[in-house]
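**Student:** Dropping the structure in here first, questions after.
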Amino acid sequence: MAKHTIVTMPGDGIGNIVLSETLRVLDAAGFDAEYVHADIGWEFWRSEGNPLPERTIKLLEKHRIGLFGAITSKPPAEALEELDPSLRDKGYVYFSPIVGLRQHFNLDVSIRPTPSLLGNPLNFIRRGADGGIEEPKVKAVIFRQNTEGLYGGVEWTNPPAQVRAALDTHKKMANFKDTPNEDLAISTRIFTRKAVKRIVRRSFEFADKFGLKSVTVCEKPNVIRETSGMMLHEARLVQQEFPHIQLWNTNIDAQMMWLTKNPEDYDVIVSGNMFGDIVSDGFAGLIGGLGFAASANIGDDCAIFEPTHGSAPKYADYEIPIVNPIAMVLSACMMLDHIGEFDLATRIRTAVEKVVADGQVRTYDMLKLRGTQEVIHQGAASTVQMTDAIIAAL
């Protein structure tokens, strides 16, 4: 009997490719696991009206650890057009399955590390004061509140009368008093103190564990006063328990400017759902893009690990797959850390670092080529060849 059971959810597009290659790496490293496949994604929306079937939820309720590839999401009108004709006009509404998993299992802590890898030709560089070229070492780890905020799903187009009446009690709604309901679209940004305290505390605990000097709240409390203000207030309270860790406060817009000014200064960044998504992608751009961006979704008794890239369906049907599997491999390393397989995680990360530093095997993104099938003939490694190189480096 295997030591671990992992629920694998390839999802859509390149999710199927990068997950299968990552399982090859795990097997080569000696990870003792049984993999249980679970259905998720666009195919099941089209055929069943549900991209997150109940059978998949049951598997995760049983095994509690998942590896997830990627999903395709489309706007409501397009989603309905692709629904099986027999299911139309039956009230089905598309909702992101990964968001659904985060909310069902309360995977409220998202961790997105963005370490630059030595030798990566895509690493951010800048001109120094002396006119020379500098390559700052990026090391930021983003803690993103994963279940609330703008991704909470509490929104309306043409809000019900009771919702409109409640909103009209706020004086700022006077600006919209002449807007009819059918012309009004509303998305809420809900923060709860419990969830805010949890994500802030986890960020400080992480900084404390790894000897990091600062935690930065990246929000917008000067404008979004209630929600962003709550996060900053709770961070100030938690920081009193960790006086050796500095608390910094940046606005999301200014933070995006400072990404290319002094990215090496940031250790841990904590944000709400939307701003955490934005700032983590921004930092990912400094370390080579989404092909290197791993993430974890962690709750009290369940965790799902995924690359932050999308399904990129245009690449999914290439005869020779060309996409970079490193983000998925590093996500699997986060899973290994979570379940206590630290030595295995270190071995695989070291192998990835060696392949990148050697520079002999590079996928098309690392060569700055356009993502076409022809890149294979221009010196780019295929997805399989990159995986082979990581396995050889083990």
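The values are calculated or read from the model by the stated rules, or taken from the named source; none is laboratory data. Because the structure is a prediction, the values reported are computed rather than measured. So basically every Cβ, Gly included, is an ideal-geometry build from the backbone, and we count neighbours across all protein chains shown.
**Student:** Tell me yes or no: at least one residue of the stretch 37-52 is under 30 Å from MET386 (Cα atoms) and surrounded by fewer than 17 Cβ atoms within 10 Å (Cβ to Cβ).
**Tutor:** The initial filter retains those residues of the stretch 37-52 that are under 30 Å from MET386 (Cα atoms), namely 37-43.
Filter again for surrounded by fewer than 17 Cβ atoms within 10 Å (Cβ to Cβ), leaving 37, 43.
Yes, the conditions are met somewhere in the stretch 37-52.
**Student:** Check the stretch 170-183 and report whether any residue there is within 30 Å of SER280 (Cβ to Cβ) and touching a Lys or Arg at 6+ places or on another chain (Cβ under 7 Å).
**Tutor:** Our first condition is that a residue be within 30 Å of SER280 (Cβ to Cβ); within the stretch 170-183, this holds for none.
Scanning the stretch 170-183 turns up no residue that is within 30 Å of SER280 (Cβ to Cβ) and touching a Lys or Arg at 6+ places or on another chain (Cβ under 7 Å).
**Student:** Would you check which residues across the stretch 126-153 are among the β-branched types (Val, Ile, Thr), out of contact with any Phe, Trp or Tyr (no Cβ under 8 Å at 6 or more places or on another chain) and surrounded by 13 or more Cβ atoms within 10 Å (Cβ to Cβ) and list them? Steps first, answer last, please.
**Tutor:** Applying the first criterion (among the β-branched types (Val, Ile, Thr)) to the stretch 126-153 yields 133, 138, 141-142, 147.
Still in the running and out of contact with any Phe, Trp or Tyr (no Cβ under 8 Å at 6 or more places or on another chain): 133, 147.
If the condition is that a residue be among the β-branched types (Val, Ile, Thr), out of contact with any Phe, Trp or Tyr (no Cβ under 8 Å at 6 or more places or on another chain) and surrounded by 13 or more Cβ atoms within 10 Å (Cβ to Cβ), then THR147 is the only one that fits.
**Student:** Okay, moving on. Output the residues belonging to the stretch 310-328 that are under 16 Å from GLN378 (Cα atoms) and hydrophobic (A, V, I, L, M, F, W, C).
**Tutor:** ILE320, ILE322, VAL323
**Student:** Oh, and also: For the stretch 292-318, how many residues are over 15 Å from PHE68 (Cα atoms), modelled with pLDDT of 95 or more and among the charged types (D, E, K, R)?
**Tutor:** Residues that pass the stated criteria total 2.
**Student:** Taking into account only those residues within the stretch 9-21 that are in a helix (DSSP H, G or I) and among the hydrophobic types (A, V, I, L, M, F, W, C), which is surrounded by the most Cβ atoms within 10 Å (Cβ to Cβ)? Working first, answer last.
**Tutor:** Quick first cut of the stretch 9-21, residues in a helix (DSSP H, G or I) only: 15-21.
If we keep only those that are among the hydrophobic types (A, V, I, L, M, F, W, C) too, we end up with 17-19.
Values: ILE17: 24, VAL18: 30, LEU19: 24.
By that ranking, first place goes to VAL18.
**Student:** Restricting to the stretch 115-141, give me the number of residues that are within 23 Å of the chain's Cα centre (by Cα), among the basic types (Lys, Arg) and farther than 19 Å from THR308 by Cα.
**Tutor:** Going through the stretch 115-141 one residue at a time, the tally reaches 1.
**Student:** Right, another one. So is ARG144 in a helix (DSSP H, G or I) and under 34 Å from the mean Cα position of the chain (by Cα) or not? Walk me through it before giving the result.
**Tutor:** On the way: in a helix (DSSP H, G or I): no; under 34 Å from the mean Cα position of the chain (by Cα): yes.
In short, no.
**Student:** Sticking with this structure for a sec: MET173 fails exactly one of the following numbered conditions: (1) of a type in the set (A, V, I, L, M); (2) in a loop (DSSP other than H, G, I, E, B); (3) under 21 Å from VAL154 (Cα atoms). What is the number of that condition?
**Tutor:** (2)
**Student:** Determine, yes or no, whether GLY285 is at pLDDT 95 or above, crowded, with 24+ Cβ neighbours inside 10 Å and assigned to a helix (DSSP H, G or I).
**Tutor:** no
**Student:** Taking the stretch 339-394 only, how many residues are more than 30 Å from ALA2 (Cα to Cα), touching a residue at least 40 places away in the same chain (Cβ under 8 Å) and of a type in the set (A, V, I, L, M)?
**Tutor:** So the answer is 7.
**Student:** Do we find a residue being in contact with a Leu (Cβ under 7 Å, 6 or more places away or on another chain) and small (Gly, Ala, Ser) anywhere in the stretch 215-236?
**Tutor:** Kept after step one, since they are in contact with a Leu (Cβ under 7 Å, 6 or more places away or on another chain), are these residues of the stretch 215-236: 215, 217, 219, 221, 235-236.
The next check asks that each one be small (Gly, Ala, Ser); those that pass are 235.
For the stretch 215-236, residues in contact with a Leu (Cβ under 7 Å, 6 or more places away or on another chain) and small (Gly, Ala, Ser): present.
**Student:** In the set ARG88, ARG112, which member is basic (Lys, Arg), over 22 Å from THR5 (Cα atoms) and surrounded by fewer than 18 Cβ atoms within 10 Å (Cβ to Cβ)? Explain how you work it out, then say what you get.
**Tutor:** Values: ARG112 fails: surrounded by fewer than 18 Cβ atoms within 10 Å (Cβ to Cβ).
Criteria check complete, one pass: ARG88.
**Student:** Quick test of your reading of the structure: TRP156 fulfils all but one of (1) over 24 Å from PRO75 (Cα atoms); (2) assigned to a strand (DSSP E or B). Name the failing condition by number.
**Tutor:** TRP156 satisfies every listed condition except (1).
**Student:** Considering only the stretch 140-163, how many residues are closer than 22 Å to VAL200 by Cα and in contact with a helix residue (DSSP H, G or I) (Cβ under 7 Å, 6 or more places away or on another chain)? Spell out the reasoning first.
**Tutor:** So in the stretch 140-163, the residues closer than 22 Å to VAL200 by Cα come out as 140-152.
If we keep only those that are in contact with a helix residue (DSSP H, G or I) (Cβ under 7 Å, 6 or more places away or on another chain) as well, we get 140-151.
Qualifying residue count for the region: 12.
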